[in-house]
């Protein structure tokens, strides 16, 4: 854990109808002092939306050679490279070379996130997907977060329904190709 990190806990009731994933998750997330609440919460969303056996958070900002979230199979082979925010093309290239699947979840404007990737070398760029949410969704959720959080997260037909601190928020999950 990085010096100056604040630990946030999330008790998540996950019902991802689209993928048939129903889990109660208990997550401890270290938020580095230089990390925004939106970035941290997007990491949590990425973890939940990609939840599968072998998923884990990396060491975060201090792990320069790993994505924010990763999935390894039982043999330790990297199967999914899950970036958050606005990674550079070199990170996507490296991730796509190492894992079967590479995705990015962003809380930012997806057009601005993807623009610097244009014309850059990204291995299997046609297979890399950038996911975004409706404008204001992540910020509205972050405004309701505390150090200890209980969330109910449902996904159906690529629409997210989030109950957090007495509020229900909704957003589509937008998929953008980058290749």
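The values are calculated or read from the model by the stated rules, or taken from the named source; none is laboratory data. Everything numeric here is computed off the predicted structure, so don't read it as measured data. So basically every Cβ, Gly included, is an ideal-geometry build from the backbone, and we count neighbours across all protein chains shown.
Take residue 19 and decide whether it is touching a residue at least 60 places away in the same chain (Cβ under 8 Å) and surrounded by fewer than 18 Cβ atoms within 10 Å (Cβ to Cβ). Write out each step before concluding.
Working: touching a residue at least 60 places away in the same chain (Cβ under 8 Å): yes; surrounded by fewer than 18 Cβ atoms within 10 Å (Cβ to Cβ): yes.
In short, yes.
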>> Go through (1) at pLDDT 95 or above; (2) farther than 22 Å from residue 52 by Cβ; (3) in contact with a helix residue (DSSP H, G or I) (Cβ under 7 Å, 6 or more places away or on another chain) for residue 147 and report which single condition fails.
In response: (3)
> What are the residues in segment 67-86 that are closer than 16 Å to residue 123 by Cα and in a loop (DSSP other than H, G, I, E, B), if any?
Replying inline: 67
> Filtering segment 92-119 down to residues that are touching a strand residue (DSSP E or B) at 6+ places or on another chain (Cβ under 6 Å) and in a loop (DSSP other than H, G, I, E, B), which residue is surrounded by the fewest Cβ atoms within 10 Å (Cβ to Cβ)?
Replying inline: 100
>> If residue 122 meets every condition in (1) surrounded by fewer than 18 Cβ atoms within 10 Å (Cβ to Cβ); (2) farther than 24 Å from residue 18 by Cβ apart from one, which number is that one?
In response: (1)
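Residues that are at pLDDT 95 or above and more than 14 Å from the chain's Cα centre (by Cα): list the strands (runs of 3 or more DSSP E) wholly contained in segment 1-57 that include at least 2 such residues.
Working: elements: 6-16, 21-31, 55-57.
Because the criterion is at least 2 residues that are at pLDDT 95 or above and more than 14 Å from the chain's Cα centre (by Cα), the strands (runs of 3 or more DSSP E) in segment 1-57 that meet it are 6-16, 21-31.
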> Exactly one of (1) touching a residue at least 24 places away in the same chain (Cβ under 8 Å); (2) outside any helix (DSSP H, G or I); (3) under 17 Å from residue 68 (Cβ atoms) is unmet by residue 123. Its number?
Replying inline: (3)
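Quickly run through segment 71-90 and pick out the residues that are touching a strand residue (DSSP E or B) at 6+ places or on another chain (Cβ under 6 Å) and farther than 24 Å from residue 112 by Cβ.
Filtering segment 71-90 for residues touching a strand residue (DSSP E or B) at 6+ places or on another chain (Cβ under 6 Å) gives 71-73, 78-84.
71, 72, 73, 78, 79, 80, listed by residue number.
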> Is there a residue being surrounded by fewer than 13 Cβ atoms within 10 Å (Cβ to Cβ), in a strand (DSSP E or B), under 17 Å from the mean Cα position of the chain (by Cα) and modelled with pLDDT under 95 anywhere in segment 169-176?
Replying inline: no
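For every residue, the table says whether it meets (1) closer than 17 Å to residue 171 by Cα; (2) free of Cβ contacts under 8 Å to residues at least 12 places away in the same chain; (3) out of contact with any helix residue (DSSP H, G or I) (no Cβ under 6 Å at 6 or more places or on another chain).
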site	(1), (2), (3)
43	yes, no, yes
55	no, no, yes
66	no, yes, yes
70	no, no, yes
75	no, yes, yes
81	no, no, no
95	no, no, yes
98	no, no, yes
102	no, no, no
> in contact with a strand residue (DSSP E or B) (Cβ under 8 Å, 6 or more places away or on another chain), surrounded by 15 or more Cβ atoms within 10 Å (Cβ to Cβ) and assigned to a strand (DSSP E or B) - does that describe any residue in segment 137-151?
Replying inline: yes
